[in-house]
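The values are calculated or read from the model by the stated rules, or taken from the named source; none is laboratory data. Here the structure is a predicted model, which is why all the values come from computation and not from measurement. Here Cβ is always computed from backbone atoms with ideal geometry, including for glycine, and neighbour counts include all displayed protein chains. In case anyone asks, the SASA skips ligands and DNA or RNA and just uses the protein heavy atoms, side chains included. Shrake-Rupley method; radii C 1.70, N 1.55, O 1.52, S 1.80 Å.
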Amino acid sequence: MIVSATRTRQKEWEWLRVAGLFIGLALTLGACASRPPPPGDDLLLPLTAPAPWLPEPSDWAAARAAAAALADDLPALKEAVARLDTISDSHKGEDLGPLAANLVHSTLEDPSAYRAASEKLTRGWSTDPALDARLEQSVNDDLLALAWRRRRDTWEHYWARTFNAISQPMGQAIFNGFVFAPLQISTSVAHYLASFSNDEALPATDRQALVLRKEYLARNPAAEDSEHVRAQVAGADKKLAETMRARRLRSARRAEAAGRYRAAEIEARRALFWGPSAKAEEILTRSRAKTAEFFQLFQRSLQAAPLAAGREYGPESRALASALLRTSSGTEPIEPELVEALERRSREPGDRGGEAAYLFAMIQYEGGAEDASWKTLAALARRDPEHNDMVRHAAHLLRDPAQNPYRAYKDMRTSKRNEEIRWRLLGQYATKTRYPNLPRPMAILLESPGIASALATSPIRLIFGRWQKSPDFQQLSAVLGYRYLGLQPQGQHAKEVMEWLIGYEEARGNFVGALRIADFLPRIGNEKRAELAESASAQQLGNAAGIRRPDRRIQVLRHTSMEYPENEAGKLAGYQVRSELEHASAQKITVTRDFLVENPRVAGMSGLGINPILINGKVVDGELHPAGFTLLGGLRVRFDLVGEDGDEDGPPEPIYKRMSSKRMAQLAAMLDETTRRNELIDPDDSLGSDADRDQFLERALLGLVDRPDKRPTAQSTYVYQSMRERYGLVRGRESILPFDLVFQGSFSDFSLGAFPRWRPPKETPDVFLYR
């Protein structure tokens with residue numbers, strides 16, 4: 001019994017082992033079946049010659065119409081199009097009729113007649129969205145209609161401002177009660193009226209309308225409505241002159257207030273160019289007087305005048321002059337006896353004492369006594385300039401940031417620190433008001449509620465402002481600090497300035513600059529320097545990623561790897577240099593898989609001719625990676641396929657191919673045609689500007705890419721993406737309503753409000769030309 005039981009248990013274990021073997025084999029086969037097969041040579045389908053066909057009557061009629069249009073034979077064109085309308089065969093497409101009709105309409109000499117015919121054609125039987133979009137562009141290309149739309153935009157801006165000035169306080173009153181409604185409404189009305197002080201006589205939209213009307217008159221000087229349009233242009237020109245005169249007058253006032261009298265004179269002349277102005281005449285007169293006074297003093301500074309009566313240079317002065325000419329900061333210093341003589345003479349009144357004090361300060365500066373030198377010059381600058389010509393020179397040296405950068409650096413730090421405090425406390429009201437054209441007391445009075453609110457909420461900004469990007473207030477201070485180090489690298493205040501600059505550069509993320517300064521400070525510890533080196537190498541690596549040109553990117557990466565060999569980022573930069581060199585190519589124009597799926601004509605036989613199984617969405621039979629394929633320059637192409645693990649998010653498996661010139665030209669033509677057609681149908685599907693990409697595709701169309709252009713400046717890295725890749729699953733659309741519902745809260749008075757806000761009209765792309 002025991003032996004029988006043992007044999008039975010052995011048989012059961014044998015069956016379990018066999019079953020486990022079969023299960024493991026099945027799992028292995030299943031896993032292999034779920035992986036994509038290794039790609040073969042059928043990535044691209046072979047190009048086939050177009051099937052021969054015999055022209056039918058519609059083909060002959062279309063050819064005759066095209067020949068008549070090229071020959072400018074209008075009767076023959078109309079006859080061919082009329083003949084085409086009577087033909088119905090298998091070659092006549094649905095859009096051949098609208099295209100032929102549009103060809104006839106293009107011979108109309110009157111632009112308005114062509115627009116009317118195109119508008120009538122858009123209501124007809126065209127099934128091509130691209131043709132409809134092109135016809136719609138022609139219909140909308142009415143200069144007077146466009147001018148009216150720009151004028152309507154001006155009035156809509158005014159209406160939106162009026163509507164919002166009423167809706168916002170009313171919405172806040174509904175939520176918070178009507179106790180403060182009168183105050184809120186009156187404040188809103190005051191700001192509404194004050195906002196008109198910022199308006200120009202001719203706003204940007206009206207300037208666009210003026211240009212369109214002028215272009216209409218240039219094209220149609222004898223039109224029926226030309227007199228009416230000329231009257232509109234004359235009125236707009238007067239407003240334009242008023243606008244430009246006011247702009248130049250404001251610039252002249254600012255220049256005069258800043259002491260730049262030559263600039264004020266030029267701006268006043270520009271204001272007078274646009275018309276007479278008494279204020280511009282006054283500024284011009286004052287600026288000319290100040291400029292003449294400046295040149296008079298300048299001439300006095302340069303001219304050589306004889307010595308005054310009773311004054312002469314004795315042997316002591318000649319010896320001192322000879323000693324000064326023989327010595328400099330780079331040679332032996334001046335004799336101590338002469339220095340003592342200068343110091344004694346510097347205490348004398350008059351020109352002799354001034355000259356001696358100035359020379360004594362220069363000797364102190366060259367001897368390394370900076371502070372003592374500037375103290376001597378400061379004492380000289382306090383003397384009476386009428387009795388001492390050197391007072392002006394001493395005062396100029398003290399005030400000149402190029403000559404006295406340390407004093408300018410200290411003053412600038414104090415000034416910018418105070419400016420930052422004002423910005424933290426007052427926010428947007430720290431430097432200016434919203435109404436610069438109003439008298440300043442009135443503007444401050446209007447802004448007083450906002451200023452009070454900014455002061456009340458300043459603690460909140462001080463707490464949460466550290467996580468927000470703030471202006472770089474101390475940038476000018478850093479420039480002056482670097483200027484001081486350039487003049488006096490071993491100066492008395494060099495360490496103080498360098499320590500401040502290290503903190504400044506670290507605060508703004510420039511660790512490379514901080515590390516370079518730290519190299520000149522021996523007191524910086526090893527740990528601090530290692531930390532700066534790690535941050536600096538990471539910064540260099542990040543900067544290299546943003547460089548478009550491959551040669552400069554490789555240069556920065558190589559410098560990073562050589563400068564920081566012991567840091568992680570330095571090692572990574574070295575690996576990237578090798579990768580860049582191994583995968584270098586003349587071009588890197590990428591077409592994603594979703595773009596091919598969204599535009600089957602590019603993927604089909606009229607374009608790339610890719611095997612359909614590579615974009616059918618099934619990984620098991622081999623699938624193109626979402627990265628798609630990349631044109632590498634010349635005829636070389638890299639196809640990125642999904643790896644053997646079947647993970648589309650994983651790294652792709654690259655396969656390199658060489659296409660024929662015919663296939664490359666076919667692909668370039670289809671890419672260009674498809675993207676332009678998509679842009680006509682959907683304005684959001686726009687083609688980004690890239691001159692290098694366009695040049696490569698044009699050369700490919702002509703079959704001139706056999707010898708790739710390997711210049712780094714000729715490389716394009718453009719990526720053709722689908723609409724889903726650009727905008728996501730759902731593309732944002734604007735509401736059909738002309739206003740938005742806004743919910744607003746205030747921390748200063750803990751109030752809430754909900755109100756409609758009218759949207760101002762969208763600006764046209766060319767509005768920057770009219771600002």
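Here the relative contact order of the stretch 151-283, from alpha carbon pairs under 8 Å that lie six or more residues apart, stands at 18 percent.
Across the stretch 338-413, the mean sequence separation of Cα contacts (distance under 8 Å, 6 or more residues apart), normalised by length, yields a relative contact order of 21 percent. Here Cα extents along the principal axes in Å was calculated from the structure, and among (i) 93, 92, 53; (ii) 87, 82, 56; (iii) 122, 109, 70 it sits at label (iii). Each residue, H396 and S322, gets one label point 7 Å from its Cα in the Cβ direction; the gap between the two is 3.0 nm. Report the residues of the stretch 751-766 in range of a label on A181: point 7 Å along Cα→C-beta, backbone N strictly under 17 Å from it. Residues 752-756 fall inside that zone. Based on C-alpha pairs under 8 angstrom that are at least 6 apart in sequence, the stretch 594-635 has a relative contact order of 25 percent.
Relative to the dominant Cα principal axis of the chain, helix 143-176 is inclined by about 80°. Computed from the C-beta positions of N526 and Q403, the FRET efficiency with R₀ = 56 Å rounds to 0.90. Note on T285/A258: beta-carbon distance plugged into 1/(1 + (r/R0)^6) with R0 of 22 Å gives a FRET efficiency of 0.75.
Counting only protein chain heavy atoms and rolling a 1.4 Å probe, the accessible areas of K416, K290 rank, largest first, as K290, K416. Partner lysines whose Cα lies under 29 Å from the Cα of K762, excluding those fewer than 8 positions away in the same chain, are identified as K120, K214, K238, K239, K432, K469. Here the accessible area of the chain is 58 percent carbon and sulfur, with a 1.4 angstrom probe and all protein chains present.
Quick check on packing: order 69-76, 538-545, 653-660 by the mean number of other C-beta atoms within 10 Å, highest mean leading.
Result, highest mean first: 538-545, 653-660, 69-76.
Taking 35 Å as R0, compute the FRET efficiency from the Cβ-Cβ separation of D690 and R152 and round it to 0.05. With R0 = 35 Å, the Cβ-Cβ based efficiency is 0.45. Decide, for the stretch 528-623, between rounded, prolate and oblate: order the square roots of the alpha carbon gyration tensor eigenvalues as a ≥ b ≥ c, take rounded if a/c falls under 1.5, and otherwise choose prolate if a/b is larger than b/c, else oblate. It comes out prolate by the Cα gyration axes. The C-alpha atoms of the chain define a longest principal axis, and helix 226-257 lies at about 40 degrees to it. When peptides 694-704, 525-535 are sorted by average Cβ neighbour count within 10 Å, with the highest value leading, the order is 694-704, 525-535. Just how far, in whole angstrom, is the stretch 86-116 from the stretch 613-661 if you go by their alpha carbon centroids? Centre-to-centre distance over Cα atoms comes out at 43 Å. Each residue, E340 and A63, gets one label point 7 Å from its Cα in the Cβ direction; the gap between the two is 11.4 nm. For helix 74-85, report the angle its Cα long axis makes with the longest principal axis of the Cα atoms of the chain; keep it between 0 and 90° and round to the nearest 10°. The helix 74-85 is inclined about 50 degrees to the chain. The stretch between A82 and D110 holds 7.9 nm of extra length on full extension. This uses 0.36 nm per residue minus the Cα-Cα distance. Extension gain, V620-D384: 0.36 nm per intervening residue step, less the Cα-Cα distance, totals 75.5 nm. Restriction of the trypsin sites (Lys or Arg not before Pro) in the stretch 554-622 to DSSP coil positions whose beta-carbon has at most 15 other beta-carbons within 10 angstrom yields K618.
Taking all protein chains together and a 1.4 Å probe, the residues M390, M170 rank M170, M390 from largest to smallest accessible area.
Placing a label point 7 Å from the Cα of E763 along the Cα-to-Cβ line, the residues of the stretch 237-272 whose backbone N sits under 20 Å from it are 240, 243-244, 247-248.
Once both labels are positioned 7 Å from their Cα atoms along Cα-to-Cβ, the gap between I460 and Q296 label points is 5.9 nm.
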